[in-house]
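Notes follow the structure.
Computed from the coordinates by the stated procedures, all read-outs in this text should not be read as laboratory data. Here the structure is a predicted model, which is why all the values come from computation and not from measurement. So basically every Cβ, Gly included, is an ideal-geometry build from the backbone, and we count neighbours across all protein chains shown.
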Amino acid sequence: MIGNVLVGVRTRQWAAWCLGLLACITAPIAAAADCPGHPDALGTSRTLVVDPKAHPRIGTMQYAETLPLRDHEVVLTFDDGPLPHNSNQILEILASQCVKATFFTVGRMARDYPEGVRKLREAGHSIGTHTQNHPLGFDKFSVERAKPEIDDGIASVTAALGDGGGLDPFFRMPGLRRAPAVEDYLASLGIQIWSADFLADDWRHVPASRVYELAMKRLEAKGKGILLLHDIQARTVAALPRILHELKARGYRIVHVVPATQEQPAAPSEPPQWQLHPPSETVAISHWPKIPNFVFAGAGTLPAPSLSDSGWHDGQLVPLAEPFDRGSRRARGVPLPRQAPWPRQSPLALGNAAIALPVPAQSVFEIQEKPRAATQAVTPSSRRAERTLTREADGPANLVSAEAGASRRTTPGRLNLRGARQAGAAQMAARGTRLAAGVGRGLLRR
Ligand SMILES: [Zn+2]
């Protein structure tokens, strides 16, 4: 693929450059000049290789983890295509800026317009799936009902791609309607579920200018992340050039995400990198010193107090061997034991001391409200985000009533996806045949 070749060239150049600089510790950032004929293009700054099995659910709108992006890095995603006119325009805009994105294609759309899926592959974009018919209320689906939607969607997109492969183990829930059992099923297939870090409401009846404003405003609020857009929407086509221009102007960089393969292992990362804002940056509590461990030296040598130390009746205590059965004691004429043999607390003679003491300042009892744990902050906002998504009706309405009768087809495994792009079409076809595996037998497993 052109994109991978470019990345390979960039990596070699960077490695050579790094040899002369001991302080070179960060990955390369491609210059916009890498986009032939478009010297001012936004470009794609780097390719991020991820392991779907190690991080099966990403996107802070719904999950604890998101892609390990650096500040000002953005991943563009487009759902619901391909739709000939609008999706092709989206592809042209992205190509003009040499931007690589991830597309979550609908099986039925791929079946109706397979050429649109192949165009994604030819342009070097990543390709995930988004069910066969984009049903509403996917979170209410049982696994048995969700499986054919997922499997048929994968089969349709795979069929559209043909022997060349190119489907990546990425999936997005229609309307972001998730259900734990469905998530588990996708994880069993080795497929990574992509939520998002922010939306631009481009499926709603808003002008393109509003899509642009929301995209930039929400990106600025988070500083980085996965943006969810729809390549089937005309307003998205209208807003995208301005969004890309503004990303460039404000110093944002595009990251292209691909799944790990045997030839291309996942980039090493640490767990905190998979959080949008690691707790160490924002949680004040993490900076409090720990309670010191006290050392009790010689505790065993202290003498046990003798009863006479209490100074109560010369140490004469009521023997406790007999149970405190007051009723039977009374019946037998046995005197009741005294009340607890401890000296009573005498009221303190305060005198005028209270008047002399200063009244505590009100500030002493102030409760600090600002510092909140980041984990607490994420959860409510995530729930709010999910609630707003209940209205997400992305995708054409006619998809909902579509039949789910697509036959299951054999599908090349993920191994041949990226590898084949590098190895050539002939090798690809051979490996695709060899690695063909049914949906229910570990589709896309690496
Ligand atoms: Zn959708």
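Here are a few things to note about the model shown:
- Convex hull of region 49-141 built on C-alpha atoms - directionally averaged projected area, nm²: 7.4 nm²
- Relative contact order for region 76-152, counting Cα pairs under 8 Å that sit 6 or more residues apart, in percent: 32 percent
- Whole-number percent relative contact order across region 68-209, with pairs defined as alpha carbons under 8 Å at least 6 apart: 21 percent
- Estimated Rh, region 107-208: Kirkwood, alpha-carbon pairs, angstrom: 14.3 Å
- The peptide list 238-249, 118-129, put in order of mean Cβ contacts within 10 Å with the highest first, becomes 118-129, 238-249.
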